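No lab work stands behind these numbers, since they all come straight from the coordinates. This structure is a prediction, so every number in the text was calculated from the model and none was measured. Please note: Cβ atoms are built from the backbone with ideal geometry, for glycine as well, and neighbour counts cover all protein chains shown.
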Amino acid sequence: MTSLRDLGLSEYEARAYRSLLRTGATTAKELSRASDVPMGRIYDVLNSLEQHSLVRSQAASRPKKYVAVEPDTALDRLLETKRRELEEKAEQYEAVVDELTDELETAEPVQGQFWTAAVGMEESVDLLLERLSAADSSLVMVAGTLSPQFDLGRVGELVTDELEAALDRGVEVSVLMSPKIVSSLPRSVGQRYVDRLENHPRFEVRTTEQLPGTFNLIDDVEVCIEVPNPLDPGEPFAMIDLKDAEFATDIREMFDPRWAEAKPLTLSNVEADD
C-alpha cells in the first residue's frame, strides 16, 4: 500500500499531515493528541512540514495554529522535491561514471588472442552493442544476410544510436550492405540514417550483390561475427567476438576489394519498407 512515506515524509510527518486534513486549523497541542505524535516531537514535525510547504501557520493567533495545504498541491510539491533529488542523484552518478571511465580506460588492452561468445538474440545484441561502443578509430559493418531472429526495427535503432556515438568519438564508419538488407530496412531506421548519418564526413554506406555473412570489424583488431543456427535458422543465433590482429587483417583484406567495387548508396533515394 502506498503512503506519504513513499514521497519522503517520516511516519510522524505523515500522521500529522493527515490529521490536519481532518481537523482543519488547529494548535500543535491539539494536533499532537489527534495524530498520536508525541508532544515533544510535534513542533519539529510541524517545522519540517512547513519547510516542505505542506502546512501553513497563523502566527498572529495565540496559541499558534496550523492548517494543511490542499492534498493536490501538497502531493505536487512532494513529487517535485523527489524529482529534484533524483536529478541531483543522476548528476552525481554521471560524474562518478565520467571519473571511472577515465580511470578504467588507463588499463592495458588485451594482448594476443581473446574471444567470447553470446547465445540467443538478446545476449547477442547486447554483445554487439557493447563492442560497437568500444570502437576508437574505425568501424566496418558488413550486413549480407538478415537473421530471422533480428527485429530489424528495434535492433536497427539501437545500432544507429551506437553509430552516432562512434562518429561523435571521431570513429570512421563504413557500412557495406546487400540490396536485400537495404530494402528490408524499416522506414524509421532509414529515415534516421538520412537525417543524421548520410552526410556525415566520417560515415559512408555502399551496397553490393552476393555479400555473404554478417560481421563487424572494430579498429582493425577485433571481429564480431553473427552465427546463425545451422540446424534451424528460426532458432536464436549466436554472436562471436574475436580479438586477433592477424585474423582481423585477413578480414580487412577480404573486405577492401568488395568495398572498392561496391556502389555508394544514397539512403535518401531508398524507399524503405515499414
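Assorted remarks:
- Here is the size of segment 1-107 from its Cα atoms: Rg then Dmax, 19.2, 69 Å.
- Within the shell of other residues whose beta carbon sits under 12 angstrom from the beta carbon of Thr73, the net charge comes to -2, with Lys and Arg scored +1 and Asp and Glu -1.
- Packing rank of 9-15, 66-72, where each peptide gets the mean count of other beta carbons within 10 Å, highest leading: 9-15, 66-72
- When only the Cβ of Lys, Arg, Asp and Glu is charged (+1, +1, -1, -1), the dipole of segment 114-269 relative to its Cα centre reaches about 640 debye.
- Note on Ala90 and Asp44: their simple-model spin labels are 3.4 nm apart, each label 7 Å out from Cα toward Cβ.
- Tensor-based shape of segment 114-269 (alpha-carbon gyration tensor, a/c under 1.5 rounded, otherwise prolate or oblate): rounded
- Between Leu21 and Glu157, the C-beta separation translates, for a Förster distance of 35 Å, into a calculated FRET efficiency of about 0.15.
- Three-way shape call for segment 153-208 based on the alpha-carbon gyration tensor, with the a/c threshold at 1.5: oblate
- FRET efficiency for the pair Ala260 and Glu123, taken as 1/(1 + (r/R0)^6) with r the Cβ-Cβ distance and R0 = 30 Å, rounds to 0.30.
- Taken along the Cα-to-beta-carbon direction at a fixed 7 Å, the label points for Leu104 and Arg56 span 5.1 nm.
- Dipole axis of the chain (+1 Lys, Arg; -1 Asp, Glu on Cβ), positive-most option in Gln210, Asn229, Val37: Val37
- Residue among Ile42, Ile181, Ile225 with the largest mean-square fluctuation in a Gaussian network model of the chain, springs linking Cα atoms under 10 Å: Ile42
- Rounded, prolate or oblate (a/c below 1.5 giving rounded, otherwise prolate when a/b exceeds b/c) for the chain by Cα gyration tensor: prolate
- Between Glu70 and Asp250, the contour length at 0.36 nm per residue exceeds the alpha carbon distance by 57.6 nm.
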